[in-house]
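Q: Sending over a structure as structure tokens; questions will come in a sec.
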Amino acid sequence: MTQYNFDEIIERRGTDCFKWDALQAMYGRADLTPMWVADMDFRSPDFVMEAIRRRCDHEVLGYTMPSEAYWQAVTAWLEKHYSIQTTKESLHFIPGIVAGIAYALMALTEPGDKLLVTTPVYPPFLNLPKNSGRELVCSPLRITNGRFEIDFYDFEQRIEGCKVFILSNPHNPAGTIWGEEVLRKVADICKRHNVLVISDEIHADLTLPGHKHVSYSTVSPSAANHSITFMAPSKTFNIAGLGSSVCYVADDDLRKRFFGWLNALEVANGNIFAFTAAEAAFANGEEWLRQMLEYLNANVQALDNHLKTRMPKVKAVLPEASYLAWLDFSNYGLTHEQLKDKLLNEAKVALNDGITFGGKNYECCFRLNLGCPKQQLLDALDRIEKALKC
Ligand SMILES: Cc1ncc(COP(=O)(O)O)c(C=O)c1O
């Protein structure tokens with residue numbers, strides 16, 4: 001069995017890599033360790049690279065289409081991992097999930113409609129409604145025992161009059177697994193208020209050992225009928241640059257309305273390598289993913305250990321899925337600007353600014369991406385500790 005080496009440091013600078021090569025533009029300096037945008041510094045899997053090379057060798061890159069083998073790999077993955085029993089008729093290729101959510105909002109809502117999110121949340125969830133003339137409604141999450149929780153009293157107050165709830169499942173920032181009971185409660189409320197749920201499950205495959213992802217659509221027949229689910233191999237296998245995602249709609253009427261739009265936009269024409277890579281990943285990816293998740297889990301333990309023993313003032317929400325951790329530095333008594341200055345100019349790390357996940361309430365919070373070789377993580381944590389000591 002292949003032993004994959006996730007300790008390998010791979011130079012990504014100079015490859016038009018957003019995470020590394022956009023540091024100057026995004027943070028004002030290029031000499032930072034990037035622990036921001038959600039991709040991993042690991043090599044994409046060998047079986048994906050081989051499939052792409054094979055496809056490339058044919059040397060004709062004309063229009064393409066999803067093959068039966070692609071659909072077979074997708075449907076088998078969904079059934080095995082999430083008990084979603086479906087056929088290609090209920091699925092649609094989508095290049096990217098943010099684009100997919102935007103298409104759903106265009107197809108199924110009107111300007112002025114109210115859309116609910118729970119904050120802090122992945123910034124495009126906040127920007128999409130605002131930039132499309134929809135009204136954004138935010139229900140703040142609570143933190144209990146180091147985990148995000150939905151405040152159901154607040155949630156039910158705010159959902160009144162909303163058309164859509166955009167759910168991050170697992171929740172970004174911090175890879176919180178919602179679980180069956182919570183999702184059932186969400187489904188009951190959304191049904192009562194006639195709200196469509198868009199469940200973004202891009203991080204589902206990154207569920208860490210000891211946890212179980214529950215897909216929203218599977219918690220009840222009603223949840224399946226009032227939801228659109230987005231999944232992707234992009235984060236799972238570190239192939240986000242290929243733009244390969246999929247959406248699942250169980251309800252006939254909803255599907256007709258949404259897929260009609262997608263067909264009109266011809267989004268399923270995709271690109272050759274997106275289909276090739278997704279098929280290879282889903283068909284062959286179990287063992288690579290198992291090893292990679294063990295590695296990520298060890299990084300989470302290393303972060304936890306570092307925070308507990310050397311930076312106990314940091315309040316953290318650690319991932320149950322994904323490689324994203326939410327760090328609250330408010331106990332240091334520093335302003336947002338002072339924290340940013342220390343992290344950037346002393347620790348030389350680029351983290352995501354908490355404010356972008358929901359506003360000023362999160363000005364002392366930052367999201368850290370630990371999807372990297374362990375040594376890179378440990379070095380960065382050492383520098384963060386030193387910068388915050390003085
Ligand atoms: C919750 C969530 N949804 C969507 C995306 C982006 O997906 P895509 O690149 O397919 O638009 C990310 C990337 O970080 C994410 O965390």
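What follows is calculated from the coordinates using simple rules that are stated; it is not laboratory data. As the structure is a prediction and not an experimental result, all values here were calculated from the model. Virtual Cβ from ideal backbone geometry, glycine too; neighbours counted across all protein chains shown.
Q: Under 16 Å from the Cα of LYS342, which aspartates and glutamates turn up, not counting those fewer than eight places away in the same chain?
A: Reachable aspartates and glutamates: ASP31, ASP328, ASP353, GLU363, ASP379, ASP382, GLU385.
Q: Quick one: order LEU344, LEU206 by neighbouring beta-carbon count within 10 Å, fewest to most.
A: Ascending number of Cβ neighbours within 10 Å: LEU344, LEU206.
Q: If you plug each phi of the range 254-264 into the Karplus form 6.51 cos²θ - 1.76 cosθ + 1.60 with θ = phi - 60°, what whole-Hz ³J(HN,Hα) values come out, in order, with x for Gly and Pro?
A: 4, 5, 4, 5, 6, 5, x, 5, 4, 5, 4
Q: Next up: What is the P(r) of the range 61-284, as percent of Cα-Cα pairs per 5 Å bin from 0?
A: 1, 7, 15, 20, 21, 17, 11, 6, 2, 0, 0
Q: Just want to confirm a number: the relative contact order over the range 61-284, from Cα pairs under 8 angstrom separated by 6+ residues, in percent.
A: With pairs under 8 Å counted, the relative contact order is 27 percent.
Q: Take the residue pairs LYS185/LYS313; LYS130/LYS340; LYS315/LYS389; LYS88/LYS185 and return only those whose Cα atoms are more than 24 Å apart.
A: Going by Cα-Cα distance, LYS185/LYS313; LYS130/LYS340; LYS88/LYS185 fall outside the 24 Å limit.
Q: Setting aside same-chain residues fewer than 8 positions from LYS374, which lysines have a Cα under 20 Å from its Cα?
A: Cα-Cα hits under 20 Å: LYS19, LYS235, LYS308, LYS348, LYS386.
Q: Something else: Excluding LEU378 itself, calculate the net charge of residues whose Cβ lies under 12 Å from the Cβ of LEU378, where each Lys or Arg counts +1 and each Asp or Glu counts -1.
A: Summing Lys and Arg as +1 and Asp and Glu as -1 gives -1.
Q: At 222 nm, what value in deg cm²/dmol follows for the chain if DSSP H runs of at least 4 each add -39500 (n - 2.57) and the sum is divided by all its residues, to the nearest 500?
A: -12500 deg cm²/dmol
Q: Quick one: if you stick a label point 7 Å off each Cα along the C-beta vector at LEU378 and GLN72, how many nm between them?
A: For the pair LEU378/GLN72, the computed spacing is 4.5 nm.
Q: Still on this structure: Amide H neighbours of GLU135 under 5 Å, counting only residues 5+ apart in sequence or on other chains, H built in-plane at 1.01 Å?
A: Hits under the 5 Å cutoff: GLY112, ASP113, LYS114, LEU115.
Q: Which one of VAL121, VAL98, VAL186 has its Cα pushed farthest toward the positive end of the charge dipole of the range 96-194, where Lys and Arg give +1 and Asp and Glu give -1 at the Cβ?
A: Sorting the options by dipole projection puts first VAL98.
Q: So, with +1 on the Cβ of K and R and -1 on the Cβ of D and E, and no other charges, what is the size of the charge dipole of the range 61-284 about its Cα centre, to the nearest 20 debye?
A: 220 debye
Q: Please work out the FRET efficiency for the pair ARG53 and GLU287, using the Cβ-Cβ distance as r and a Förster radius of 22 Å; give the result to the nearest 0.05.
A: The pair ARG53/GLU287 has a calculated efficiency of 0.65.
Q: Got a sec? Charge dipole of the range 1-131, +1 on Cβ for Lys and Arg, -1 for Asp and Glu; which of PHE42, GLY112, PHE6 is way out at the positive end?
A: GLY112
Q: What are the ³J(HN,Hα) values, in whole Hz, obtained from phi via the Karplus relation 6.51 cos²θ - 1.76 cosθ + 1.60 with θ = phi - 60°, for each residue of the range 119-136 in sequence order, with x given for Gly and Pro?
A: For the range 119-136, the Karplus curve yields 9, x, 8, 2, x, x, 5, 7, 6, 4, x, 4, 6, 10, x, 8, 9, 8 Hz.
Q: Applying the Karplus parametrisation 6.51 cos²θ - 1.76 cosθ + 1.60 with θ = phi - 60° to the phi angles of the range 107-118, what ³J(HN,Hα) value in whole Hz is obtained for each residue in order, glycine and proline being reported as x?
A: For the range 107-118, the Karplus-derived couplings read 6, 10, 10, 10, x, x, 4, 8, 10, 9, 9, 10 Hz, x marking Gly and Pro.
Q: Follow-up. Could you give the nm distance between label points at PHE18 and ASN269, where each point is 7 Å from its Cα heading toward the beta carbon?
A: Inter-label distance under the simple model: 2.3 nm.
Q: Which is farthest toward the positive dipole end of the chain among ALA25, LEU208, SER139, measuring Cα position about the Cα centre, with Cβ charges +1 (Lys, Arg) and -1 (Asp, Glu)?
A: Positive-most Cα among the choices belongs to SER139.
Q: While we're on this one: Based on a Kirkwood Rh over C-alpha pairs, give the Stokes-Einstein translational diffusion coefficient of the chain at 4 °C and viscosity 1.567 mPa s in µm²/s.
A: In µm²/s, the coefficient rounds to 60.
Q: I've got another one for you. Take LEU61 and THR356, extend 7 Å from each Cα along the Cα→Cβ direction, and tell me the distance between the two endpoints in nm.
A: Spacing of the two 7 Å Cα→Cβ label points: 2.9 nm.
Q: May I pose another question? Can you list the residues, at least 5 places off or on another chain, whose amide H is less than 5 Å from the amide H of SER245, using H built in the peptide plane?
A: Counting only residues 5 or more places away or on other chains, the set is ILE94.
Q: From largest to smallest, what semi-axes in whole angstrom does the range 20-104 give when each is the square root of 5 times an eigenvalue of its alpha carbon gyration tensor?
A: 31, 20, 15
Q: In addition: So, in Å, what gap is there between the alpha-carbon centers of the range 237-294 and the range 315-364?
A: 32 Å
Q: If you stretched the chain out fully between THR309 and ASN5, how much longer would it get, using 0.36 nm times the residue separation minus the C-alpha to C-alpha distance?
A: 106.7 nm
Q: Can you tell me the dipole magnitude for the chain around its Cα centre, using point charges on the Cβ only (Lys, Arg +1; Asp, Glu -1), in Debye to the nearest 20?
A: In total the dipole reaches around 800 debye.
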